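> Provided herewith is a single structure, encoded as structure tokens, for subsequent inquiry.
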Amino acid sequence: MVSITLHPSARLDYEQLIDGLSHDFPSARVEASCCETWQSYRVDVTCDGPRGDALDAWLKAKYGDCRRT
């Protein structure tokens, strides 16, 4: 299982990340939140099984510069 929290720096990155996850990893569990006042964005994603490794590689390739916690 892979469980990652990402903190995109801009609203557009946040929306693209969520759209990409829903398109490429429909079985992943995604929880997303944002605060426009503070321009704070968070995306928690969890994926079980063999798709977890693919998700991790996808995130590194497309969002490697996105801050993780």
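The values are calculated or read from the model by the stated rules, or taken from the named source; none is laboratory data. No experiment lies behind these values; they were computed from the predicted model shown. Note that each Cβ is placed from the backbone with ideal geometry, even for glycine, and that neighbours are counted across all protein chains shown. Just so you know, the surface numbers come from the protein's heavy atoms only, side chains and all, with ligands and any DNA or RNA stripped out. Shrake-Rupley method; radii C 1.70, N 1.55, O 1.52, S 1.80 Å.
> Normalise the Cα radius of gyration of the chain by 2.2 N^0.38 Å (N = residues in it) and let me know the number.
Rounded to two decimals, the normalised Rg is 1.03.
> Rounded to whole Hz and in sequence order, give me ³J(HN,Hα) for region 49-56 from the Karplus expression 6.51 cos²θ - 1.76 cosθ + 1.60, θ = phi - 60°, writing x for Gly and Pro.
x, x, 6, x, 5, 5, 4, 4
> Separate question: Out of the total accessible area of the chain (probe 1.4 Å, heavy atoms of protein only), what percent is carbon and sulfur?
50
> Taking amide hydrogens as modeled 1.01 Å from N in the peptide plane, which residues meet the under 5 Å criterion relative to residue 40, leaving out close sequence neighbours?
35
> What does the charge dipole of the chain about its Cα centre add up to, to the nearest 20 debye, if the Cβ of each Lys and Arg holds +1 and the Cβ of each Asp and Glu holds -1?
Using Cβ point charges on Lys, Arg, Asp and Glu, the chain gives about 140 debye.
> On to the next question. When Lys and Arg each count +1 and Asp and Glu each count -1, what net charge do the other residues less than 10 Å away from residue 46, Cβ to Cβ, add up to?
-2
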